[in-house]
Amino acid sequence: MSSKDAAKRPKPKQATEPRQPRQSRKTAVITGVTGQDGSYLAELLLGKGYEVIGVVRRTSHDSYERIGHLLDRVQIVAADLLDQHSLTTVIRDAKPDEVYNLAAQSFVPTSWNQPVLTGEFTALGVTRLLEAIRLAHPQARFYQASSSEMFGKAVETPQRETTPFYPRSPYGVAKVYGHWITVNYRESYGMYAVSGILFNHESPRRGLEFVTRKVSDAVARIKLGKATELRLGKLDSGRDWGFAGDYVDAMWRMLQQPEPKDYVVGTGKMHTVRDLCAAAFRHVGLDWQKYVAVDPRFVRPAEVDTLLADASRARKELGWTPRVSFEQLVEMMVDADLERLA
Ligand code: GDP
């Protein structure tokens, strides 16, 4: 290029704040950035100096309550897992080092009412995003949010990476597809694509429809005199519940390894919905049995009775350990709801 041409180039914009040079600053794209995991992951990556690009789906209502405090630091772009072109454009423009696919239709009961839509987002959406990466920037590292719901009617306990899948809901079935298409793109195209099989993970930012948050919200309402009872479905269900803030760290670690591999992430401890109620009510000095009623409306057509993780591979290879216990998690959620509702 001649010096005359160089003179015609637009002057780079003066940044108001000093920024790290592009070479040392990694870029990450997060789908589902407005959700529980997306908000914690965005915080984690910003703390590590990443440039974070959050993908949002246009809706008629504002859904930024979980990332309101990050909006001046996260670049928001519009795209949709149902729309191939929008995904390819995001990846082509961002040329990210890492892509985290946390977007999905993620509530199990809804997946029986909208099984086809669940498949579009939660299953085929993964292929669309992988295709966008393959075509526009194949060197990006890809994280797929797989789920313990894939183990469903578990054929062994605890569940590990080699445990066969037996999903029990259209959501679980769609996640199995998302898992295997991720493995397949890794094996077909040599892409760095991994799948994190995360067991249930909760926080004060969990949606109110999930059982942990439904319980913490109800306990706070009852304690404050704003409600008198809590109606639930199956109380015997057992889950391996951990803190979402711990789990996004496992996601990041999975993308920093020499080889792409899939990992189970969970605490290795199981509690029932009944235990959850007892712990949450106990924290505010109430007896759960006086307030909880079973309502057949919340019983599911097919149930995942118990889930328990064997996360030894993640502990050994990623050096990952959960920091928040079940009791601490329940207390954190009840306290946050008490503060919010007071
Ligand atoms: P999931 O594991 O992804 O389905 O997470 P959820 O938090 O939705 O449900 C966990 C377990 O709690 C399941 O076995 C549910 O059947 C059970 N459960 C019992 N009562 C309720 C309820 O009222 N709402 C929800 N969401 N789950 C309930």
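The values are calculated or read from the model by the stated rules, or taken from the named source; none is laboratory data. Every value quoted in this text rests on a predicted model; they were computed, and no experiment measured them. When we count neighbours, we look across all protein chains shown, and the Cβ atoms used for this are built from the backbone with ideal geometry, even at glycine.
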Exercise for the section: Would you point out which residue out of S106, S188, S169 is in contact with a strand residue (DSSP E or B) (Cβ under 9 Å, 6 or more places away or on another chain) and not charged (D, E, K, R)? Expected result: S106
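I'd like to check something: does the stretch 106-115 contain any residue that is away from the ligand (no atom under 16 Å from the Cβ), assigned by TED's automatic domain parsing to the domain that holds V55 and surrounded by fewer than 18 Cβ atoms within 10 Å (Cβ to Cβ)?
no
For the stretch 51-84: of the residues being closer than 27 Å to G242 by Cα and in contact (Cβ under 8 Å) with a residue 40 or more places away in the chain, which is surrounded by the fewest Cβ atoms within 10 Å (Cβ to Cβ)? Let's see the steps before the verdict.
Kept after step one, since they are closer than 27 Å to G242 by Cα, are these residues of the stretch 51-84: 52-56, 63-71, 74.
Checking which are in contact (Cβ under 8 Å) with a residue 40 or more places away in the chain leaves us with 53, 55, 66, 74.
Values: I53: 22, V55: 28, R66: 20, V74: 24.
So the residue we want is R66.
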Fill in the blank from the handout: In the stretch 213-265, residues that are of a type outside the set (A, V, I, L, M, F, W, C), within 29 Å of R186 (Cβ to Cβ) and either away from the ligand (no atom under 12 Å from the Cβ) or without any contact (Cβ under 8 Å) to a residue 24 or more places away in the chain (or both) total 14
Exercise for the section: Pull up the stretch 180-197, narrow it to residues that are touching a residue at least 60 places away in the same chain (Cβ under 8 Å) and surrounded by fewer than 24 Cβ atoms within 10 Å (Cβ to Cβ), then point me to the one that is nearest to the chain's Cα centre (by Cα). Expected result: V194
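Kindly indicate which of G152, G207 is assigned to a loop (DSSP other than H, G, I, E, B) and surrounded by 20 or more Cβ atoms within 10 Å (Cβ to Cβ). So that I can check it myself, show each step before the final result.
Values: G207 fails: surrounded by 20 or more Cβ atoms within 10 Å (Cβ to Cβ).
Of G152, G207, the one residue that is assigned to a loop (DSSP other than H, G, I, E, B) and surrounded by 20 or more Cβ atoms within 10 Å (Cβ to Cβ) is G152.
Which residue out of F142, F151 is within 16 Å of the ligand (Cβ to nearest atom) and touching a Ser or Thr at 6+ places or on another chain (Cβ under 9 Å)? Steps first, answer last, please.
Values: F142 fails: within 16 Å of the ligand (Cβ to nearest atom).
Only one candidate qualifies: F151.
Hey, can you tell me all the residues within the stretch 303-317 that are assigned to a loop (DSSP other than H, G, I, E, B) and near the ligand (Cβ under 10 Å from one of its atoms)?
Residues of the stretch 303-317 that are assigned to a loop (DSSP other than H, G, I, E, B), as a first pass: 303-305, 307-308, 310-311.
Within the stretch 303-317, E303, V304, D305, L307 meet the criteria.
Residues being part of a helix (DSSP H, G or I) and buried (at least 16 other Cβ atoms within 10 Å of the Cβ): count how many of those fall in the stretch 265-291. Don't jump to the end; show me each part of the working.
Narrowing the stretch 265-291 to residues part of a helix (DSSP H, G or I): 273-283, 288-290.
Now narrow it down to the ones that are buried (at least 16 other Cβ atoms within 10 Å of the Cβ): 273-283, 288.
Here the count works out to 12.
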